[in-house]
Amino acid sequence: MSNMLKTGVLLGVLTALFVVIGYALGGQQGMVVAFALAVAMNMFSYWFSDKIVLAMYGARPISEAKAPRLYAIVRRLATRAQIPMPPVYLIPTDAPNAFATGRSPDHAAVAVTEGIMRILDEDELEGVLAHELSHVRNRDVLISTIAATLAGAITYLAHMMQWAAFFGGGRSSDDEEGGSPWAMLLLAILAPFAAMLVQLAVSRAREYQADASGARLAGRSSGLAKALEKLETAARAEPMPANPATAHLFIVNPLSGQTLMRLFSTHPPIEDRIRRLRAMHL
């Protein structure tokens, strides 16, 4: 399935969830408002979701003078990938991780944490950055950033529904069917779960693809394989305080220290990813 089609399916499902919640909260009028809001959010996410995600984690632009090794690796990989050199950001946290964001190769950014800069050697860091730039080159960064924005909004609306159900809110009696608080509560529980499953289905295949193309871009698979081993161990010891709606953006699940989040992780098992990389023999 092409990335364009994946994006369309994802946006369609998440928008439908948005509209269903709007109908539960306000009947037909609520459905229309929710649809209009979903369209507006899709457009807003397309243009600004990268800035939202970077701001969410306190990412700051870092100059080449302060991170010459980082810039050298990113520039080398961007040249090989035949994409523009993306802006580079630093996230002030000891938890080692990284992500790419942006709507296209011409409007992308790469963010790394202070922790990842400290624990990875040059080959390992190159493997991680090649993975992230592969996301950019494969044009699947957009689907991640839009998914993060919409999934977060669905979770927020679901919380509103829970309160409305508890206090007997929902559709007015003027609507044909009325609104069952129990039905609203059930939907409030299931909607975020459904949004998470949609993200999971798309994100796992996306990670395998970026691992493989990233290894080819770096010219070796060993660097990324060793980096993933280190990052998984570090994430277990020091989970990153990340929003679950944006966890799929990172190279390893920042919430992997939590058993329940591992069960529903948007990332494939690290052992699987490492096994596939080592089987490439690059």
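The values are calculated or read from the model by the stated rules, or taken from the named source; none is laboratory data. The structure displayed is predicted, hence computed values, not measured ones. Quick reminder, even Gly has a Cβ in these numbers, built from the backbone with ideal geometry, and neighbours come from all protein chains shown.
A few notes on this one:
- Applying the set (1) touching a Gly at 6+ places or on another chain (Cβ under 7 Å); (2) of a type outside the set (Gly, Ala, Ser); (3) more than 21 Å from Ala55 (Cβ to Cβ) to Pro92 leaves exactly one unmet item: (3).
- In the condition set (1) at pLDDT 90 or above; (2) over 17 Å from the mean Cα position of the chain (by Cα); (3) crowded, with 20+ Cβ neighbours inside 10 Å, Lys226 is compliant with all but (3).
- Evaluation of Gly27 against (1) touching a residue at least 24 places away in the same chain (Cβ under 8 Å); (2) in contact with a helix residue (DSSP H, G or I) (Cβ under 7 Å, 6 or more places away or on another chain); (3) part of a helix (DSSP H, G or I) (one fails), failing number: (2)
- In segment 233-249, residue farthest from Leu125 (Cα to Cα) [restricted to those that are buried (at least 19 other Cβ atoms within 10 Å of the Cβ) and modelled with pLDDT of 80 or more]: Met240
- The numbered conditions (1) touching a residue at least 60 places away in the same chain (Cβ under 8 Å); (2) more than 24 Å from Lys230 (Cα to Cα) are all true for Phe48 except (1).
- Considering residues of segment 250-270 that are polar (S, T, N, Q) and modelled with pLDDT under 80 only, the residue nearest to the chain's Cα centre (by Cα): Thr266
- Listed by position, the strands (runs of 3 or more DSSP E) contained in segment 70-133 that have at least 2 residues being at pLDDT 95 or above, crowded, with 16+ Cβ neighbours inside 10 Å and out of contact with any Pro (no Cβ under 7 Å at 6 or more places or on another chain) are 88-91, 107-113.
- Residue tally, condition more than 30 Å from Tyr89 (Cα to Cα) and buried (at least 19 other Cβ atoms within 10 Å of the Cβ), over segment 32-61: 1
- In segment 51-69, residue farthest from Pro84 (Cα to Cα) [restricted to those that are in contact (Cβ under 8 Å) with a residue 24 or more places away in the chain and either part of a helix (DSSP H, G or I) or touching a Cys at 6+ places or on another chain (Cβ under 6 Å) (or both)]: Met56
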